[in-house]
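The values are calculated or read from the model by the stated rules, or taken from the named source; none is laboratory data. This one's a predicted model, so the numbers in the text were calculated from it and none came from an experiment. Here Cβ is always computed from backbone atoms with ideal geometry, including for glycine, and neighbour counts include all displayed protein chains. Calculation scope for accessible area: heavy atoms of the full protein, side chains included, ligands and nucleic acids excluded. Shrake-Rupley method; radii C 1.70, N 1.55, O 1.52, S 1.80 Å.
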Amino acid sequence: MSSMILEVKNLWAGYSNREVIKGVDFSVNRGEFIGIIGPNGAGKSTLIRALSRVLEPSQGSVSLNGKDLHKMRLSEAALITAVVPQDTLIVFEFLVRDIVSLGRIPHIRKLGKETQEDLDIVEDCLGLTKTKELADRFINELSAGERQRAIIAKALAQEPQLLMLDEPTSHLDISHQTEIFDLIKSLSRDKGLTVIAVLHDLNLASEYCDRLILMSEGKIFRQGRPEQVLDYKTIEAVYKTVVVVGKNPVSGKPSVFPVPEGQRRQ
Ligand code: ADP
């Protein structure tokens with residue numbers, strides 16, 4: 001098997017005649033943890049939608065394990081990729097355990113029943129995401145953060161090779177954020193899971209990602225290791241704000257600090 005899992009070539013995508021993604025090229029190797037960063041409206045969610053077949057590209061191609069993603073059967077793509085979209089709204093009264101079990105559907109043969117292995121995987125994923133105590137509650141009665149963890153459990157139950165997440169921890173406090181990222185990072189390191197995550201928080205992106213893709217106005221502005229992307233000139237140019245970039249004294253990774261207007265020197 002090639003080390004490359006995803007290859008995006010000259011991708012254009014958007015909404016009814018409005019192109020948002022304008023010629024994006026990148027590839028992802030197995031086991032990599034990629035962060036997609038960039039200001040609001042840069043096209044990060046739209047890119048995830050094009051990579052998860054919610055949007056059809058208007059030009060260019062996405063190949064997954066060497067096959068054209070947009071020509072694959074949905075069931076085939078669902079065996080390889082799982083997606084955690086932004087703010088999943090589930091209005092129905094589903095129990096958390098049932099939602100997580102839905103992650104097993106791509107693996108269950110037509111007219112088949114879930115096996116003990118499926119049930120065990122669901123329990124493991126509830127445990128890993130610390131949602132076991134929520135398993136018998138209705139998903140629409142959880143807090144946003146609890147719901148986010150349940151949806152991540154469902155994606156893990158799919159046992160994907162490639163996990164895509166759109167701001168997966170936006171509703172989580174710092175300890176739950178760290179827990180989820182520690183979990184995803186360990187799956188990436190130990191089991192070769194490939195991760196593409198849209199992240200708002202530049203410091204989380206810096207700490208956890210092997211490589212960052214910085215988007216601006218539908219294009220890739222820069223990509224590389226966190227220290228190659230998170231320099232103050234690049235951030236100021238793309239986000240149009242003043243920042244100072246230091247180093248996390250423990251990890252050595254870049255840390256981005258905002259500078260309040262009253263403190264800025266010309
Ligand atoms: P980001 O995730 O980087 O904040 P998005 O991909 O959400 O950016 O949005 C990029 C652009 O696409 C924005 O101008 C936004 O208004 C537009 N857009 C997003 N979703 C839709 C949609 N469903 N229909 C039309 N335009 C949209």
Can you name the residue in the stretch 16-56 that is of a type outside the set (A, V, I, L, M), at pLDDT 95 or above and touching a helix residue (DSSP H, G or I) at 6+ places or on another chain (Cβ under 9 Å) and is also surrounded by the fewest Cβ atoms within 10 Å (Cβ to Cβ) among such residues? Pro39
Can you tell me which residue within the stretch 36-65, out of those that are in contact with a Phe, Trp or Tyr (Cβ under 9 Å, 6 or more places away or on another chain) and away from the ligand (no atom under 16 Å from the Cβ), is nearest to Ser2 (Cα to Cα)? Gly60
Looking at the stretch 256-266, which of its residues are within 24 Å of Ile213 (Cα to Cα) and open to solvent by 80 Å² or more (accessible area, probe 1.4 Å)? Phe257, Pro258
Asp68 meets each of (1) closer than 28 Å to Thr234 by Cβ; (2) more than 14 Å from the ligand (Cβ to nearest atom); (3) open to solvent by 20 Å² or more (accessible area, probe 1.4 Å) with one exception, condition (1)
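Restricting to the stretch 172-192, what's the tally of residues that are in contact (Cβ under 8 Å) with a residue 60 or more places away in the chain and not charged (D, E, K, R)? First the steps, then the outcome.
From the stretch 172-192, those in contact (Cβ under 8 Å) with a residue 60 or more places away in the chain are 184-185, 188-189, 192; that's our starting set.
Then drop every residue that is not not charged (D, E, K, R), which leaves 184, 188, 192.
The qualifying residues number 3.
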Helices (runs of 4 or more DSSP H) lying entirely in the stretch 194-255 (those with 2 or more residues that are free of Cβ contacts under 8 Å to residues at least 12 places away in the same chain, among the charged types (D, E, K, R) and surrounded by fewer than 19 Cβ atoms within 10 Å (Cβ to Cβ)): 232-239
Return the only residue of Ala82, Ala50 being of a type outside the set (Lys, Arg) and within 23 Å of Val122 (Cα to Cα). Ala82
Over the stretch 155-172, the set of residues modelled with pLDDT of 90 or more and open to solvent by 60 Å² or more (accessible area, probe 1.4 Å) is Glu159, Gln161
Residues of the stretch 9-33 satisfying the condition of being under 19 Å from the mean Cα position of the chain (by Cα) and away from the ligand (no atom under 15 Å from the Cβ): Asp25, Phe26, Ser27, Val28, Asn29, Arg30, Gly31, Glu32, Phe33
